[in-house]
Amino acid sequence: MDMIYWDHYYNIIVLTNLLIVVALFASLRLFSGMISHISARRELLEKDNPAFGISLAGAALGITIMVSGLIYGHYGQARIESISMVAVLGAVGILLMALTRLIFDKITMREISLRDEIVKGNIAVAIADAGNVLAAAIIIRAVMIWSSVFSVESFLTLFSGYAISQILLTVLTLLSMAAFARLNKGHRVQDHLSQGNIALALRFSGQKIGMAFAIAAAAHVVVYEVYDLATIAVAWVCVSLVAVAVWAVLAQIAERLILFRINGKKEVLEQRNIALGIFHAAIFIAIGMMIFSL
């Protein structure tokens, strides 16, 4: 038994924090339905709407990703402080996910309605929505761990990191969509999503998640300084842009080598090859995770 470590005080904190996260999950279905004005029960149980299920699952995974670095707290941290940190950050995380979806709906995909498409059962739009939420969650988790002290300054850093990440993700996604339309004349990402192109939705989501991992890599490079938020914000942006540039180059090289002599445009846009779409997504995410791990 000497090989098994057991700390009763610390494990009580772990168990309590886990129960808090479960409670957040229990409220997520109701909260998701309220912010989108959709009856979760009707979509899940009466209509068996897979699109709504995918969207809700993306939100659930997003919340999990964000609190995963904090659920166990920190050894030696006061019980009330640790429990309060998980509860408050979990609630803040749900609000940030709601804001993330609003930005995606009103700015990135302003020509289509996420709510209407998901209610109609558009799986492609739901996949894009889930990918967007997961991308934001990956970056916010990195910021939460980076500034893990439970204080007002830490919350300011969190909100600053969220704002920076959303600006970067939104601008880079819009630029990517513009480049896609220019290179593939007559084709636009939003049009294909509204038409239910699941292959492109998977590729789009994988690209955004991979980009998010590259942006989150800044947490390993930029030194956190609570009294100099402006400086670290600029540093975060600069490092993130460099990381995204490296990710884009490596992803292109990997894509061309692995999918040599395969007409990706024809397979994804014309034939809607889901197998190739998800493989594209895997390449983007894999490269992003490698950069994040460096």
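The values are calculated or read from the model by the stated rules, or taken from the named source; none is laboratory data. Fair warning: this is a prediction, and the values are worked out from it, not measured in the lab. As a convention, Cβ positions derive from the backbone with ideal geometry for all residues, glycine included, and neighbour counts pool all protein chains shown.
Computed values, structure above
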quantity: Candidates 286, 245, 254, filtered to the one that is surrounded by fewer than 19 Cβ atoms within 10 Å (Cβ to Cβ), over 30 Å from residue 152 (Cα atoms) and either of a type in the set (Asp, Glu) or under 18 Å from the mean Cα position of the chain (by Cα) (or both); calculated: 286
quantity: Single match in 141, 203 (criterion: over 18 Å from residue 291 (Cα atoms) and basic (Lys, Arg)); calculated: 203
quantity: Candidate set: the stretch 101-139, residues that are without any contact (Cβ under 8 Å) to a residue 40 or more places away in the chain, within 12 Å of residue 190 (Cβ to Cβ) and charged (D, E, K, R); chosen: the one surrounded by the fewest Cβ atoms within 10 Å (Cβ to Cβ); calculated: 110
quantity: Residue match in the stretch 68-78 (condition: under 14 Å from the mean Cα position of the chain (by Cα), closer than 18 Å to residue 161 by Cβ and modelled with pLDDT of 80 or more); calculated: no
quantity: Hits in the stretch 209-242 (condition: surrounded by fewer than 23 Cβ atoms within 10 Å (Cβ to Cβ) and small (Gly, Ala, Ser)); calculated: 219, 230, 233, 235
quantity: In the stretch 147-201, the residues that are buried (at least 18 other Cβ atoms within 10 Å of the Cβ) and over 30 Å from residue 221 (Cβ atoms); calculated: 189, 192, 193, 194, 197, 198, 199, 200, 201
quantity: Members of the stretch 140-169 that are in a helix (DSSP H, G or I), in contact (Cβ under 8 Å) with a residue 12 or more places away in the chain and among the small types (Gly, Ala, Ser); calculated: 142, 154, 160, 161, 165
quantity: Residues of the stretch 80-104 that turn out to be of a type outside the set (Ser, Thr, Tyr) and over 18 Å from residue 163 (Cβ atoms), as a count; calculated: 9
